[in-house]
Amino acid sequence: MSVAVEALPVGALLRTWRERRRFSQQELSNRSRVSTRHLSRVETGRARPTPEMLMHLFNHLDVPLRDRNRLLLAAGYAPRYQDRRWDDVSIAVVMDGMRRLLGAHLPYPALLLDDHWDIVDANAAVDQLLAGCAPELLEPPVNVVRVCLHPDGLAGRIGNLAEWGSHLLRQVSHRAERTHDQRHHELATEIAEYLGKTDAATPLTGPVITLEIDVDGTTLRFFSTSATLSTASDAALEGLHLETFLPADDRTRRRLDQR
């Protein structure tokens, strides 16, 4: 029988995060200025860390906010980070600001995504990209990575599927490595199955990786940028990111500017 993460003592959880970051006790000691002796005592449960000590170690271990709450609870302390719903009035001004950025990006596509790449909101230009996808893929919550690479999604319309798919898989795998969130690992496994052998190293064809997608018989080319809230102190907002797409050639720019 597996042991629930929350049932483990805080020392064991800290050791797990240290090992996930591939730090020895000595390296974490050098980074955090906490003695290896004290780190060892904390990890083995012979010393109880203070909340301040835990927060200090969290910063050096790059522990996501939701997991910080879990570790604080395991140590017998109250969580320090909220994990609000998107419609919570206390973050309304943040969400309104992000949605204004979606509108300002028109006529080019832009999406507001959570930390699992589920769509929180999108501007009207995204609709033309999603046209023709299987209805079940567009049932909320819509996962944009799944929609891109699923055979009944956009995969058949993406001209450089191997290149773009490999790019998305690297992104998801990197986040799974950072967060060790089961949903991230499952998503990485799922999209790797869609890609099959196309995940082999693909030659880069330009200065940036582009999305080449057929829209009404015309191939549009985009490059993407991603922006996050660097000052987020809410677990939901920590993973929120704005994904914007910009024309990668003049034909795409002219096509979208005419709409």
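The values are calculated or read from the model by the stated rules, or taken from the named source; none is laboratory data. Here the structure is a predicted model, which is why all the values come from computation and not from measurement. Cβ placement follows ideal geometry from the backbone for every residue including glycine, while neighbour counts extend to all protein chains displayed. All accessible areas refer to the heavy atoms of the entire protein, side chains included, with ligands and DNA or RNA removed. Shrake-Rupley method; radii C 1.70, N 1.55, O 1.52, S 1.80 Å.
Taking only protein heavy atoms and a 1.4 Å probe, the accessible area of the range 1-143 is 52% carbon and sulfur. Within the chain, antiparallel bridges make up roughly 95 percent of the DSSP beta bridges whose residues both belong there. In the chain, the calculated helix contribution to ellipticity at 222 nm averages -13500 deg cm²/dmol per residue, counting -39,500 (n - 2.57) for every DSSP H run with n ≥ 4. Could you compute the net charge surrounding residue 210? Neighbours are other residues with a C-beta less than 12 Å from the C-beta of residue 210; K and R count +1, D and E count -1. Combined, the nearby Lys, Arg, Asp and Glu give -2.
The packing ranking of peptides 162-170, 78-86, 132-140, highest mean first, is 162-170, 78-86, 132-140, where packing means the average number of other beta carbon atoms within 10 angstrom of each residue. Taken per residue, the accessible surface of the range 59-139 reaches 50 Å², heavy atoms only and a 1.4 Å probe. Backbone phi angles across the range 117-125, fed through the Karplus curve with coefficients 6.51, -1.76 and 1.60 (θ = phi - 60°), yield HN-Hα couplings of 6, 7, 6, 8, 6, 7, 8, 5, 5 Hz in residue order; Gly and Pro are listed as x. Taking the accessible area of the range 218-259, probe 1.4 Å, and keeping the other protein chains in place, the carbon and sulfur fraction comes to 46%. Protection proxy ranking, highest mean first, for peptides 213-220, 69-76: 69-76, 213-220, where packing is the per-residue count of other beta-carbon atoms within 10 Å, averaged.
In this Cβ point-charge picture (+1 for Lys and Arg, -1 for Asp and Glu), the range 83-163 has a dipole of about 260 debye about its Cα centre. Per-residue Karplus couplings for the range 26-38, computed as 6.51 cos²θ - 1.76 cosθ + 1.60 with θ equal to phi - 60°, are listed in order as 5, 5, 5, 4, 4, 6, 9, 6, 9, 4, 4, 4, 5 Hz, Gly and Pro entered as x. Charging the Cβ of each Asp and Glu at -1 and of each Lys and Arg at +1, and nothing else, the dipole of the chain about its Cα centre rounds to 1300 debye.
For the range 247-259, backbone phi angles converted through the Karplus equation (6.51, -1.76, 1.60; θ = phi - 60°) give residue-by-residue couplings of x, 9, 8, 5, 4, 5, 4, 5, 4, 7, 5, 6, 7 Hz, Gly and Pro being listed as x. Each residue was assigned an accessible area with a 1.4 Å probe, and for residue 87 the value is about 110 Å².
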